[in-house]
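Chemist: Provided herewith is a single structure, encoded as structure tokens, for subsequent inquiry.
A short reminder: the numbers here are calculations on the coordinates, not readings from a lab. Computed from a predicted structure; not experimentally measured. Here the Cβ positions follow ideal geometry from the backbone for every residue, glycine too, while neighbour counts run over all protein chains shown.
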Amino acid sequence: MKSILKRTLTSAAVAALLASPLAQATNGYFKIGAGAKNRGLAGAGIAYGQDGMAAAINPASISDVGDNVTAGLEIFKPKRKAQVDATGMFVPDMGAGSRQGVDSRENSRSNSFLIPSFGITKAWSNTVTLGLAVTANGGMNTRYGDANTGNGNIYVDAFAPVIGDSSTGAFQPGPSGFAGFLENVAGVPAAVLDPNLATLYTNPNNTPALGVNLAQVLISPTLSYKITPNHSVGFGPVIGYQTFRAYGLGLFQGFSSDAGKVTNNGNDSAWGMGAQIGYQGNFGMLSVGLMGRSKIYMDEFDDYAGLFAEQGDFDIPAMFGGGIAVHFSPRLTVAADISRIMYSDVNAIANKGPTANEFFGAFVGSLTGDPTQISNALGTNDGWGFGWDDVWVYKIGVDFAYSPTWTFRAGFNYAEVPFDDGEALFNVLAPAVVEKHATVGFTYTVNQDTDFSMTYMHAFRNDVDTTYTGTGAFTGFSYGAKNEMYQNAIEAAASWRF
């Protein structure tokens, strides 16, 4: 029985992931809402469940939804640009000409995605309602460069030209660049530099394309119980399934505690489990909701144990929140939520990225084979990450029933960028920089049992831009990084009451 259940869940999760190689990067890497109706309110719904997707928002709210099946599909189009400017890394002539980094700019070529969703609720009795919601998350999906056209890998294009060669090297007959500086000024023997330079320049993982793809599916079986006619509680497990792949990160394999498990290892997958709980109370024209979801403890990404902190551990962060819905009339409802996503509790994304000196030191360690020069090697418990912090998310939406046939919605969602400007370098791979989202939508009621909904979302353009400046032994060296993004999305869904 267990094997049948696991195969069923795996098939459902894989089908969802295949349909949606995700690129969500809205409230960090969480979608702003679940389903077309909820997203029409910019995600406000902790106190206002509308259809079968309510189990993904507040498990208690399904008590008031009734018997409902909802299926939806989103067309998501993020537009992302990245810049790595290494022109501040200049090494004068060491015997074979000067070397300088490059200002590399690329648009991500992963720009269109189809993202499905599904939810069902069923009243088991007058007090007990059962539900199931399947939703998707993601946020680390980018592809810079294209192996078919030869367009470049943004990191390699920026940094490789200044690395240079030793006096006996064969790639840029030297001494030149950073390697020449280490040989002529720091006294590192060419015999030490040459094998590391050879590995770097002939590394097949420095492909023209650079990118990552993280995709997650959350499966939420839910039970809600009416304590009284106006007060409900809900709870249930949250089953997580995720896949990840990275390619083109060969330049950073020398920064890792396990170089063979950093990049170009195909798709790796992981299962995990958490739980959620919620409350909803109705007080006349006012509804109040509370929800909390634990961290979802995931299996490790073994194939990327040298990339993510804690040997490939990549849990899904906990979150909690509260909401109100004011029903001014049977036709007009205003809903508002505030929630907090606990990114800081997941080291793989919360650990800080390298400072300028740490980054330069890692290059020294990589070229000299000296791991003591790498302060926080990738893959270790304290290994460099993306520097994401916890974020507060604010949502407000208006639902207006214009007629028995037409309902219109609008909403606004705000959450700060989850990382500081100084984390821009590694977040080129995961540019979750949008903060403000506006939504509009409608529902057309076909008959008493069937309706059709659509929602449009626009996330306004935002960017993070910083310059990293070396000090001490690295005075005079600098580089910059910039992340930029805006988004558009259209979601359609159909609901059936039974």
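Chemist: With the alpha-carbon atoms as the only input, what is the per residue convex hull volume for the range 451-498 in Å³?
Modeler: In the range 451-498, the Cα convex hull volume per residue is 91 Å³.
Chemist: Using helices alone, what [θ] at 222 nm do you get for the chain, with -39,500 (n - 2.57) per DSSP H run of 4 or more residues, divided over all residues and rounded to the nearest 500?
Modeler: Numbers: 8 runs with 74 residues, N = 498.
Taken over the chain, the calculation gives -4000 deg cm²/dmol.
Chemist: Once the convex hull of the C-alpha atoms of the chain is built, how many Å³ does it hold per residue, rounded to a whole number?
Modeler: On the way: hull volume 65.2 nm³, N = 498.
Per-residue hull volume (Cα only) is 131 Å³.
Chemist: What is the Cα centroid distance between the range 360-407 and the range 175-234, reported in whole angstrom?
Modeler: Their Cα centres are 11 Å away from one another.
Chemist: So if we plug the beta-carbon distance of Asp370 and Gln100 into 1/(1 + (r/R0)^6) with R0 = 25 Å, what FRET efficiency do we get, rounded to 0.05?
Modeler: On the way: r = 25 Å, r/R0 = 1.00.
The value I calculate is 0.50.
Chemist: Report, to two decimal places, the Cα Rg of the range 104-195 normalised by 2.2 N^0.38 Å (N = number of residues).
Modeler: Numbers: Rg = 26.6 Å, N = 92, 2.2 N^0.38 = 12.3 Å.
Cα-based Rg divided by the globular estimate yields 2.17.
Chemist: While we're looking at this one, here's another question. Using the Cα centre as the reference, give the magnitude of the dipole from point charges on the C-beta atoms of the chain (Lys, Arg: +1; Asp, Glu: -1; all else neutral), rounded to the nearest 20 debye. Could the numbers behind the result be given before it?
Modeler: Details: 29 positive and 41 negative charges, 371 e Å.
With only Lys, Arg, Asp and Glu charged at Cβ, the dipole is about 1780 debye.
Chemist: Counting each pair of different Cα atoms once, what's the Kirkwood radius of the range 40-80 in Å, rounded to one decimal?
Modeler: When all Cα pairs of the range 40-80 are included, the Kirkwood radius is 11.5 Å.
Chemist: Using +1 at the C-beta of Lys and Arg and -1 at the C-beta of Asp and Glu, which of Ile239, Ser329, Val434 has the Cα lying farthest in the positive direction of the dipole of the chain?
Modeler: Ser329
Chemist: What's the whole-number percent of alpha carbon pairs in the range 414-474 lying beyond 13 angstrom?
Modeler: Values: 1332 of 1830 pairs.
So the pairs more than 13 Å apart make up 73 percent of the total in the range 414-474.
Chemist: Can you pull the percent of Cα pairs in the range 38-147 with separation above 20 Å? Write down the numbers at each step before the final one.
Modeler: Values: 3625 of 5995 pairs.
Looking at the range 38-147, the distances longer than 20 Å represent 60 percent of pairs.
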